[in-house]
Amino acid sequence: MNIVYIGRYNEGEILTGPEKVAKRIFDGAASERKCVFIEYFFDGKKYGLAKKLFGREKVCSVNGSDVFRLGLFRILAFLIEQKPDIIHIISFERFALAAYIYRVFFNVRIVYNVHGIAVYENKFLRKESSFRNFKDCFAEDFYIRHSDIIMLLSRKFKLLFDEYYPVSSRKIRYIKNGTDKEFGNVKSKNVDTEILRIVFISDISRPEKGFRFLKEALEEFSRSAELHVVDRKELSGEIKFKNENINLFFYDKMPAESMQGFLYDKDIFISAAKYEPFGMTCTECMSAGLIPVVTDVTGASELITDGLNGFVFEFGNKEQLNRILENLYDDPELRKSVQEEAVKIYRTVSWSEILKNYLKIYEELLRK
């Protein structure tokens, strides 16, 4: 089985969700068999036109498998050289259209991971130029129509996906995002009965992430709590709570090893999002022993049995959210029992388990 991955490979460890999926799956697959990763010369300030069209450079090697950065005209020639059985577009990048050009002439199966819906995000969540929006929507529509397998993160996400792309269910496979091993070795946590330590991990400037709603809800919270926001430390001092029960702290984004240590003495993870196809930070925090309290539109809510290993609330319902938090504050035994159940999620969402699911899908595809 010869697999070529196409996407964005970040050598660092401060990763977006799609970057982490691309890196963890490629690195894991490379430990099983030789494969190749293709990315593009994304940085327009760093790379000139010649590089973007004809460049080729080796970025790194992982377990004997190589990551290459290629110009647009190089990609097709490189694919001919590699002769892949499967091309996996593991993150949305417009240059991946080259994979479909290759398929016009050669027999290959194409898999596409859907991390978000560009046509929806560009219309409601981002301000993109008309030309960029056209390019994004054209590429997304083409990938979804012409891929053999479409990877979706949750069935809740499919409800929105179907509004824009009502494709055959035979093409759909559901696959969760994984969780780094650093989060899977949690020790027993002590329950502090005097204060709730709440974690929010997201870009607070993105309205769909729900920080404004969370702040409004906590302004009415009647117990003592700390809100720890992982986004940018420089935001400290810019945002204040009128509610004296709430102490607010900001932190820069951090790699998994640092995040695991940061989460050790925290109690609750909140996702207040109105749009979240999955929410990798939710399963990371659960694995680290935090209680997830998430909106009903979050894809990761499918992994939560309300009141057993976490809590689900209706987006926009401040009273329901505060009631959940108050119950957790008032009942340390409830907090402890839910924490103990939450950590069990790691057994099913470790990257090693998720990689097995990817490999099964590849094998199934080649048998057709």
query = Using alpha-carbon positions, what is the distance between the centroids of segment 314-332 and segment 193-265, in Å?
reply = 16
ask   = What FRET efficiency comes out for the pair residue 258/residue 302, r = Cβ-Cβ distance, R0 = 41 Å, nearest 0.05?
value = 0.90
remark   = The answer for GluC sites (Glu not before Pro) in segment 1-50 that fall in a DSSP coil and have at most 16 neighbouring Cβ atoms within 10 Å is 11, 13
Ranked 285, 60, 35, criterion: other C-beta atoms within 10 Å, fewest first = 60, 35, 285
key: Net charge contributed by nearby residues that have their C-beta within less than 12 Å of residue 314 (K/R +1, D/E -1)   = 0
task = Evaluate the relative contact order of segment 181-348 (contact order divided by residue number), counting alpha-carbon pairs under 8 angstrom at least 6 apart; express in whole percent.
result = 25
task = Quick one: angle between helix 351-367 and the longest Cα principal axis of the chain, in degrees between 0 and 90, rounded to 10, please.
result = 40
Segment residue 366-residue 2, extension gain: residue separation times 0.36 nm, minus the distance between their alpha carbons = 130.0 nm
query = To the nearest 20 debye, what is the magnitude of the charge dipole of segment 181-348 about its Cα centre, counting +1 on the Cβ of each Lys and Arg and -1 on the Cβ of each Asp and Glu?
reply = 340
ask   = Once Lys and Arg get +1 and Asp and Glu get -1 on their Cβ, which of 309, 262, 248 lies farthest toward the positive end of the dipole of segment 181-348?
value = 262
key: Segment residue 334-residue 195, extension gain: residue separation times 0.36 nm, minus the distance between their alpha carbons   = 48.6 nm
remark   = Within the set 278, 311, 241, GNM on the chain using Cα springs under 10 Å gives the largest fluctuation to 241
remark   = Those trypsin sites (Lys or Arg not before Pro) from segment 85-153 that are DSSP loop and have at most 15 other Cβ neighbours within 10 Å turn out to be 126, 127
Theoretical FRET efficiency, 1/(1+(r/R0)^6), r = Cβ-Cβ of residue 326 and residue 163, R0 30 Å, to 0.05 = 0.25
query = All other residues with a Cβ under 13 Å from the Cβ of residue 132 taken together, and with Lys, Arg as +1 and Asp, Glu as -1, what is their net charge?
reply = +1
request  = Compute the separation of the alpha-carbon centres of segment 119-176 and segment 1-79 and state it in Å as a whole number.
outcome  = 22
inquiry  = Along the Cα→Cβ direction, 7 angstrom out, place labels at residue 232 and residue 130. What is the inter-label distance in nm?
reply    = 3.1
Antiparallel content of DSSP bridges confined to the chain, in %, to 5 = 10
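Quick note: the coordinates plus some simple rules give every number you see, no bench work behind them. These numbers were taken from a predicted model, which means no experiment stands behind them. Neighbour counts are summed over all protein chains in view; Cβ atoms, including those assigned to glycine, are modelled from backbone coordinates with ideal geometry.
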